[in-house]
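Peer 1: This is the structure, below, for whatever I ask next.
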DNA sequence: GATAATCCGGTAAGCGCTTACCGGTAAGCG
DNA sequence: CGCTTACCGGTAAGCGCTTACCGGATTATC
């Protein structure tokens with residue numbers, strides 16, 4: 001019967017219980033292997049053995065050490081999730097695009113729990129240096145990584161994926177990593193069609209998201225192509241550059257109105273936050289939505305349905321996006337195989353800001 | 001010169017690089033102790049030794065294993081954060097109170113990074129069983145826990161704090177655990193005073209948050225006491241029961257208006273989401289805000305300033321709340337000492353929904 | 001009674017890293 | 001030259017858990 005190991009000579013004050021599996025084994029009168037078997041459902045312990053072990057665990061308040069388990073099992077049962085916080089024009093705690101990321105992370109969390117995994121979160125500020133080093137540190141504490149958009153160059157993603165399994169949530173996959181995304185092009189197409197064909201609007205504007213976002217650039221391209229195909233006039237360009245935030249959207253409209261620029265009959269916004277700001281600025285200037293100018297968003301964050309008028313938008317299945325990202329990563333971790341690029345369908349959410357009743 | 005350890009006989013497919021510190025040592029032509037010294041800034045390695053080690057690390061793409069480091073150091077450098085997701089009346093992915101929790105978690109993340117810690121997130125669904133077991137599993141993977149409100153009974157918190165350092169974000173502390181909170185009472189007092197004294201409104205309503213939230217009950221009590229002291233008439237009771245969500249707030253107003261009930265001159269909402277729904281329902285029914293009915297929120301989530309009219313609310317320093325919770329926990333982990341109950345000040349954010357211009 | 005099969009549980013090795021301790025070398029001093 | 005001190009780096013033990021392997025006891029069969 002082994003004794004509890006000697007206290008580690010360490011300059012750090014022991015802050016956690018120093019209880020180990022040896023203490024449980026001593027109290028239950030069995031070996032540490034028996035304790036492990038009972039706790040992990042291995043082997044076929046006698047009922048009496050099981051009872052003594054569970055009683056000792058309960059009385060002592062024993063929690064197995066995750067690091068020891070991870071080292072022994074070769075699996076930490078932790079997924080690392082890394083995302084960008086802020087940009088060069090915005091103080092970091094006001095970055096509203098994190099709403100979107102938070103919901104995706106929720107989906108990751110729920111899917112991870114189904115497999116006994118937990119989610120290790122790390123956000124990276126815009127001005128943070130040594131992003132690769134940071135991501136590597138997270139990788140050392142996890143079995144795989146899920147990287148939100150705008151994290152690393154494709155080369156660095158490929159390099160990272162040589163160290164740890166990586167799933168990206170980006171517009172396109174990088175070599176060596178798996179990718180999960182929504183069919184955003186279909187979403188923009190559906191919006192433009194709804195406005196141009198169903199409503200018959202002949203002028204459309206597009207308030208862009210961040211110019212450094214590949215996702216935004218793809219949306220802008222599809223918007224342009226689809227609008228041209230529908231034969232409508234397009235309002236776009238530098239004056240229509242937002243940054244995915246409500247303030248960015250409001251600033252675009254305020255600036256246009258200040259120069260007495262003409263507004264299009266409908267405005268497609270890069271995301272719901274932008275639409276919130278656009279609608280706010282229009283209302284502030286006495287422009288009726290949707291009677292004078294219709295507005296649409298993208299994402300369908302929970303706030304969208306409570307705006308006045310309720311926002312027509314494209315529902316990105318954010319929870320499913322997160323859950324799928326985890327499932328793809330888990331498949332890779334557990335079988336070595338996984339899909340390289342998974343595309344989730346979107347759904348047009350027609351409410352009232354487009355002009356429907 | 002030790003060889004790289006033999007591959008572990010394991011039924012799980014190895015999905016991570018099997019690189020270890022032994023491989024780096026071999027490539028650099030030094031011992032594993034030297035590699036460790038270089039990577040951890042210990043001892044005084046020669047410049048030439050340092051270079052060879054760093055070059056080998058870079059060429060091999062080596063990332064130290066977090067579980068091994070944690071076991072050896074007796075410190076995982078991970079903080080576990082656990083929060084509640086959903087309630088009995090709402091499907092879990094629509095729980096908007098998570099906005100608030102997400103921002104607090106952001107504060108935790110930023111503060112944790114300052115100390116080289118990462119954040120292990122685990123949400124618990126309302127219908128999840130064995131919450132204690134779940135929390136214990138997170139505890140096994142972290143050095144300490146931060147528990148959001150509504151997680152465990154005070155007894156269970158005390159019991160948990162015998163296993164691992166615990167910080168709660170609750171209205172009041174539990175024995176054995178540390179606590180961090182905002183001075184919500186002062187916030188409600190400031191709101192009531194602003195409406196009753198500065199604006200001279202004589203009737204006030206309070207749309208409550210969840211009835212199972214101790215925080216909400218405390219706010220309701222202070223609202224009542226302060227309003228009575230200001231000599232105004234109070235509208236409250238079962239008809240004014242929200243659930244912290246926009247839909248909950250909208251439902252309260254819609255139901256009142258359906259029964260042609262009289263509305264107070266101003267409505268104090270338990271949080272900003274509730275205020276969003278209240279304002280939406282009022283606007284839908286042609287009630288002007290703030291001309292006919294003023295509305296205030298609580299929390300100052302980013303959306304608040306972009307509503308029309310911009311919301312007067314109480315700013316909960318959510319980022320600071322999270323950061324302080326982490327700092328308190330870190331103090332405990334590193335020195336064994338920490339404050340038992342930390343109260344952060346709030347700030348009244350006067351915008352336009354109260355009637356100010 | 002002897003043999004084979006099954007059940008159960010203990011012992012020892014190992015997961016990947018950290019670092020205390022010790023030894024070799026070189027420099028400085030008398 | 002001999003002794004002392006400082007510097008640097010290698011060896012071995014250990015962190016807390018998991019589990020392969022083996023042995024003892026029991027049961028079943030001939």
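Peer 1: If you count, for every residue in A:142-152, the Cβ atoms of partner chains within 10 Å of its Cβ, what is the mean?
Peer 2: Going residue by residue through A:142-152 and averaging, the value is 1.
Peer 1: I need the P(r) histogram for the stretch A:222-357: all alpha carbon pairs, bin width 5 Å from 0 out to the longest distance, whole percents.
Peer 2: 2, 10, 17, 19, 17, 12, 8, 6, 5, 3, 1, 0, 0
Peer 1: Quick one: with label points 7 Å out along Cα→Cβ, list the inter-copy distances for residue A:283 in nm, shortest first?
Peer 2: Ordered by distance, the counterparts are at 0.2 nm.
Peer 1: Contact order normalised by length for the stretch B:184-316, with contacts defined as Cα pairs under 8 Å and 6 or more residues apart; what percent is it?
Peer 2: Relative contact order for the stretch B:184-316 comes out at 24 percent.
Peer 1: How do B:270-281, A:294-305, B:249-260, A:252-263 rank on mean C-beta neighbours within 10 Å, highest first?
Peer 2: B:270-281, A:294-305, B:249-260, A:252-263
Peer 1: Relative to the compact-globule scaling 2.2 N^0.38 Å, provide the ratio for the alpha-carbon radius of gyration of chain B.
Peer 2: 1.27
Peer 1: Would you mind putting A:348-355, A:73-80 in packing order, based on average other-beta-carbon counts within 10 Å, highest first?
Peer 2: A:73-80, A:348-355
Peer 1: Run the simple label-point estimate for residue A:291 and residue A:132 please: 7 Å along Cα→C-beta, distance reported in nm.
Peer 2: A separation of 5.9 nm, rounded to one decimal place.
Peer 1: Could you work out how far apart the two model spin labels at residue B:343 and residue B:229 are, taking each label as a point 7 Å from the Cα in the direction of the beta carbon, and quote it in nm?
Peer 2: 1.3 nm
Peer 1: Return A:178, B:54 ranked ascending by Cβ neighbour count within 10 Å, so the fewest neighbours appear first.
Peer 2: B:54, A:178
Peer 1: Okay, next question. Viscosity 1.002 mPa s, temperature 20 °C: what is the translational diffusion coefficient of the stretch B:21-64 from Stokes-Einstein with a Kirkwood Rh over Cα pairs, rounded to a whole number of µm²/s?
Peer 2: Stokes-Einstein gives a translational diffusion coefficient of 217 µm²/s.
Peer 1: With a cut-off of 8 Å between alpha carbons and a minimum separation of six or more residues, what is the relative contact order of chain B in percent?
Peer 2: 16 percent
Peer 1: Could you work out how far helix A:246-258 tilts from the main Cα principal axis of chain A, as a 0 to 90 degree angle to the nearest 10?
Peer 2: Roughly 10 degrees, rounded to the nearest 10.
Peer 1: What angle do you read, to the nearest 10 degrees and between 0 and 90, between the alpha-carbon axis of helix B:272-284 and the longest principal axis of chain B?
Peer 2: 40 degrees
Peer 1: If one takes the longest principal axis of the Cα atoms in chain A, at what angle in degrees, from 0 to 90 and to the nearest 10, does the Cα axis of helix A:98-114 lie?
Peer 2: It is inclined by approximately 40 degrees.
Peer 1: Right, next: Taking beta carbons within 10 Å but only from partner chains, what does the mean come to for residues B:282-289?
Peer 2: Taking all residues of B:282-289 together, the mean is 1.
Peer 1: Further question on the same structure: Between copies, how far does the label point of residue B:336 sit from its twins, in nm, shortest first, when each point is 7 Å from Cα along Cα→Cβ?
Peer 2: 5.0
Peer 1: Also, I was wondering about something else. List the distances, in nm and shortest first, from the label point of residue B:255 to the matching label points in every other copy, placing each point 7 Å from Cα along the Cα-to-Cβ direction.
Peer 2: Copy-to-copy label distances for residue B:255: 4.6 nm.
Peer 1: Peptide B:336-342: average number of partner chain Cβ atoms within 10 Å per residue?
Peer 2: Counting Cβ atoms of other protein chains within 10 Å of each residue's Cβ and averaging gives 1.
Peer 1: Taking chain B as a Gaussian network, Cα atoms linked when under 10 Å apart, which of B:310, B:45, B:173 shows the biggest mean-square fluctuation?
Peer 2: Of the options given, B:45 has the highest mean-square fluctuation.
Read the figures in this text as sums done on the coordinates, not as results from a lab. Please read all numbers here as calculations on a predicted model, not as lab measurements. Ideal geometry is used to build each Cβ from the backbone, glycine not excepted, and the neighbour counts take in all protein chains shown.
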